[in-house]
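The values are calculated or read from the model by the stated rules, or taken from the named source; none is laboratory data. No experiment lies behind these values; they were computed from the predicted model shown. Positions of Cβ are backbone-derived with ideal geometry, glycine not excepted, and every protein chain shown enters the neighbour counts. Accessible surface is based on the protein model in full, side chains and every heavy atom, while ligands, DNA and RNA are left aside. Shrake-Rupley method; radii C 1.70, N 1.55, O 1.52, S 1.80 Å.
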Amino acid sequence: MPRFAHTLSVSAPPAAVFSIVDDLTKTPQWLSRCTGIDKLDEGGNDVGTRLKYHYDDGRRTGSMDGQIIAREPDRHFAMKFTDKMMDVTVDFVAASDGVGTTLTHSIDIAPKGFGKLFTPLIKRDLPKQTMDAMTRLKAMAEAA
């Protein structure tokens, strides 16, 4: 199962970082492969809220069913998405470092069925995709 985690320092408080991750309409601004996330339930972003993730990875477009699996304001936000080829868990943990925020973003991908054929590509591409997304997320938080 490909997994990658990346930690960086952001010159903004955890609340500023969390507000970007928690605002699902902003995800396409920092995650290039994401074309949108639909919230399927009314109300706040609570654990159990159902989501539909839309993507274009250059090789294919599609969507994944998902839900919020962890949410602790200003500290922790995680989602899990699934389709016929893989299960993806996306996790963010923010902590104050006294000056700004230490942010850790981890992704676990469990290919299944035909998706297992893509494991070598996923392992190769996941670090760069994650670090690029984190760089854009950091820039957004620091500009706010």
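The table below lists the values:
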| quantity | calculated |
| --- | --- |
| Of all residues in the range 98-109 being open to solvent by 30 Å² or more (accessible area, probe 1.4 Å) and of a type outside the set (S, T, N, Q), the one that is nearest to GLN29 (Cα to Cα) | ASP108 |
| The range 30-44, subset closer than 12 Å to MET79 by Cβ and without any contact (Cβ under 8 Å) to a residue 40 or more places away in the chain, residue surrounded by the fewest Cβ atoms within 10 Å (Cβ to Cβ) | LYS39 |
| Out of ALA133, ALA139, ALA95, sole residue that is open to solvent by 30 Å² or more (accessible area, probe 1.4 Å) and not in a strand (DSSP E or B) | ALA139 |
| Filter pass, THR82 being surrounded by fewer than 15 Cβ atoms within 10 Å (Cβ to Cβ), in contact with a strand residue (DSSP E or B) (Cβ under 8 Å, 6 or more places away or on another chain) and not charged (D, E, K, R) | no |
| Condition met for PHE118 (open to solvent by 20 Å² or more (accessible area, probe 1.4 Å), under 22 Å from ALA5 (Cα atoms) and hydrophobic (A, V, I, L, M, F, W, C)) | yes |
| Subset of the range 50-79 (residues that are acidic (Asp, Glu), open to solvent by 50 Å² or more (accessible area, probe 1.4 Å) and closer than 27 Å to THR7 by Cβ) | GLU72, ASP74 |
| Condition met for VAL47 (under 17 Å from ASP91 (Cβ atoms), more than 12 Å from the chain's Cα centre (by Cα) and either in contact (Cβ under 8 Å) with a residue 60 or more places away in the chain or surrounded by 19 or more Cβ atoms within 10 Å (Cβ to Cβ) (or both)) | no |
| Test: residue in the range 20-27 that is open to solvent by 70 Å² or more (accessible area, probe 1.4 Å) and at pLDDT 95 or above | yes |
| Residue within the range 58-73 that is closer than 23 Å to ALA143 by Cα and at pLDDT 95 or above present | yes |
| Count of residues meeting criterion [under 20 Å from ALA133 (Cα atoms) and without any contact (Cβ under 8 Å) to a residue 12 or more places away in the chain] in the range 59-80 | 2 |
| Residues of the range 21-36 classified as within 17 Å of VAL88 (Cβ to Cβ) and either over 11 Å from the mean Cα position of the chain (by Cα) or assigned to a loop (DSSP other than H, G, I, E, B) (or both), total | 5 |
| Qualifying residue in the range 126-139 (condition: at pLDDT below 95, touching a helix residue (DSSP H, G or I) at 6+ places or on another chain (Cβ under 8 Å) and among the small types (Gly, Ala, Ser)) | no |
| Any hit, the range 121-142, residues being of a type outside the set (Lys, Arg) and farther than 19 Å from HIS6 by Cα | no |
